[in-house]
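The values are calculated or read from the model by the stated rules, or taken from the named source; none is laboratory data. Please read all numbers here as calculations on a predicted model, not as lab measurements. We place every Cβ from the backbone using ideal geometry, glycine too, and count neighbours over all the protein chains shown. All accessible areas refer to the heavy atoms of the entire protein, side chains included, with ligands and DNA or RNA removed. Shrake-Rupley method; radii C 1.70, N 1.55, O 1.52, S 1.80 Å.
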Amino acid sequence: MGKYSRLERIGQFTSKYFVVWVVIASGFALYSPEPFVPISDYISLFLGIIMLGMGLTLTPADFLRILERPQDVLVGSMIQWIAMPVLAYALVIGLGLPWEIGVGLILLGAAPGGTASNVMTYLGRGDVALSVTITSVTTIAAPIVMPAWVVLLAGESVTVTFGEMAQEIVLIVLLPVVGGLILRYLLDEHAPAAAEVGLSIFPAISVLAIVAIVSGIVALNVEEILAASALVFLAVIVHNALGLGAGYGITRATGMSEPRARACAFEVGLQNSGLAVALAVAFFDPIAALIPALFSVWHNISGPALATLFTHLDDETVSGSDSTSAAD
């Protein structure tokens with residue numbers, strides 16, 4: 001068990017400083033891109049590993065929650081499916097982004113929630129069960145939702161077909177998630193100790209895979225990143241902020257509890273940028289991956305910041321209640 005404990009500590013350390021590794025790797029890729037460029041050939045493989053890890057975190061009980069709280073799951077998923085791609089398209093038009101770059105923002109908007117949303121929900125004291133369920137639903141629906149939005153919004157501007165993109169998403173998202181779900185079931189049944197250790201270590205493996213994806217895309221787009229206008233960075237920041245705000249504000253307006261609204265904020269605002277990157281590279285000009293790659297860095301700053309704000313507000317509320325009780 002000593003070895004397992006060390007592995008778990010390594011996994012926790014790697015996951016804890018996620019954003020640090022992303023920033024460091026991106027910096028090296030900007031400074032010396034050549035060693036990182038070959039990584040771009042394996043983006044789909046790395047994304048498959050991340051999705052396998054997500055599948056390992058799921059159990060049949062997670063899907064039963066859909067039946068227990070269908071309205072909450074539906075509201076959170078619909079905000080993700082409708083608001084984010086529409087907001088992305090509005091930003092592309094409103095900011096006048098070149099289409100070869102803007103299609104990356106639309107891909108990002110149509111993407112399902114990323115695994116980071118589950119982590120941030122936990123850190124922000126939100127409803128983790130709801131977060132996991134919405135991530136599962138939006139991910140499983142991605143082979144239909146993403147191609148539909150891209151074809152609808154891009155129209156004749158793209159040559160990729162609905163079927164081609166759907167097939168790619170099934171291969172790099174749906175099959176690994178299902179594989180992870182089956183593997184988790186088998187481990188729980190026959191090797192529960194290994195399952196527990198795997199759940200502790202695999203987030204770190206996912207972190208390394210995401211870092212590799214981001215560094216590879218940065219290396220491919222060094223000139224474009226250095227020359228990127230403020231509008232590109234603005235699009236990333238505004239889209240993320242609108243997603244976090246819509247996820248929280250709309251769900252609170254529908255009467256959801258505070259923990260569930262926090263879960264929806266992270267689900268809607270933290271997209272699966274790795275999937276958007278993979279599809280951008282597979283079907284469009286590599287520069288289309290620029291915005292999803294930048295988002296990979298940014299949302300790992302905004303997500304922890306919002307989680308910290310939520311916990312700070314909770315602590316202030318508790319402190320205020322204690323003060324009131326003492327005064328009485």
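For region 264-276, the criterion of being at pLDDT below 90, part of a helix (DSSP H, G or I), in contact with a helix residue (DSSP H, G or I) (Cβ under 8 Å, 6 or more places away or on another chain) and among the hydrophobic types (A, V, I, L, M, F, W, C) is met by at least one residue. For region 64-84, which positions are of a type in the set (Asp, Glu) and either open to solvent by less than 70 Å² (accessible area, probe 1.4 Å) or within 12 Å of residue 137 (Cβ to Cβ) (or both)? Within region 64-84, just 72 meets the criteria.
Is one or more of the residues making up region 193-202 open to solvent by 40 Å² or more (accessible area, probe 1.4 Å) and modelled with pLDDT of 80 or more? Among the residues of region 193-202, not one is open to solvent by 40 Å² or more (accessible area, probe 1.4 Å) and modelled with pLDDT of 80 or more, which makes the answer no. I want to confirm something. Restricting to region 168-186 and keeping residues that are open to solvent by 50 Å² or more (accessible area, probe 1.4 Å) and more than 19 Å from residue 46 (Cβ to Cβ), which single residue is farthest from the chain's Cα centre (by Cα)? Selected residue: 186. Looking only at residues in region 219-243 that are of a type in the set (A, V, I, L, M) and modelled with pLDDT under 80, the one that is most open to solvent (accessible area, probe 1.4 Å) is 226. Among residues of region 259-280 being among the charged types (D, E, K, R) and open to solvent by less than 50 Å² (accessible area, probe 1.4 Å), the one that is farthest from residue 84 (Cα to Cα) is 262. Within region 44-72, residues that are within 12 Å of residue 178 (Cβ to Cβ) reach partners that are at pLDDT below 75 and hydroxyl-bearing (Ser, Thr, Tyr) with beta carbons closer than 8 Å, at six or more positions or on different chains, in the pairs 54/115. Listed by first and then second residue, the pairs linking a residue in region 138-155 that is touching a residue at least 12 places away in the same chain (Cβ under 8 Å) to a residue that is outside any helix (DSSP H, G or I) and open to solvent by less than 10 Å² (accessible area, probe 1.4 Å), with Cβ atoms under 6 Å apart and 6 or more places separating them unless they lie on different chains, are 138/112; 138/113; 139/112; 142/112.
Taking region 281-305, which residues are farther than 22 Å from residue 136 by Cα, at pLDDT 85 or above and surrounded by 24 or more Cβ atoms within 10 Å (Cβ to Cβ)? 288, 289, 290, 291, 294, listed by residue number. Checked against (1) part of a helix (DSSP H, G or I); (2) at pLDDT below 95; (3) open to solvent by less than 60 Å² (accessible area, probe 1.4 Å), residue 256 meets all criteria but (1).
All of 95, 91 fail the test of being farther than 29 Å from residue 313 by Cα and open to solvent by 30 Å² or more (accessible area, probe 1.4 Å), apart from 95. Within region 18-38, the set of residues being touching a Ser or Thr at 6+ places or on another chain (Cβ under 7 Å) and open to solvent by less than 40 Å² (accessible area, probe 1.4 Å) comprises 22, 25, 26, 29. Take the conditions (1) assigned to a helix (DSSP H, G or I); (2) over 24 Å from residue 233 (Cβ atoms); (3) at pLDDT 85 or above; residue 319 misses just one of them, which is (3). Identify the single condition in (1) open to solvent by 10 Å² or more (accessible area, probe 1.4 Å); (2) over 18 Å from residue 308 (Cα atoms); (3) out of contact with any Pro (no Cβ under 8 Å at 6 or more places or on another chain) that residue 118 does not satisfy, given that it satisfies every other one. Evaluating residue 118 over (1) open to solvent by 10 Å² or more (accessible area, probe 1.4 Å); (2) over 18 Å from residue 308 (Cα atoms); (3) out of contact with any Pro (no Cβ under 8 Å at 6 or more places or on another chain) leaves (2) as the failure.
Evaluation of residue 246 against the conditions (1) open to solvent by 10 Å² or more (accessible area, probe 1.4 Å); (2) more than 18 Å from the chain's Cα centre (by Cα) shows that the sole unmet condition is (2).
Here residue 113 qualifies as touching a residue at least 24 places away in the same chain (Cβ under 8 Å), under 15 Å from the mean Cα position of the chain (by Cα), within 28 Å of residue 224 (Cβ to Cβ) and surrounded by 24 or more Cβ atoms within 10 Å (Cβ to Cβ). Close contacts from region 273-301, counting a first residue that is more than 18 Å from residue 99 (Cα to Cα) and a second that is aromatic (Phe, Trp, Tyr), with Cβ to Cβ under 6 Å and a gap of 6+ residues or different chains, come to 273/295; 300/18.
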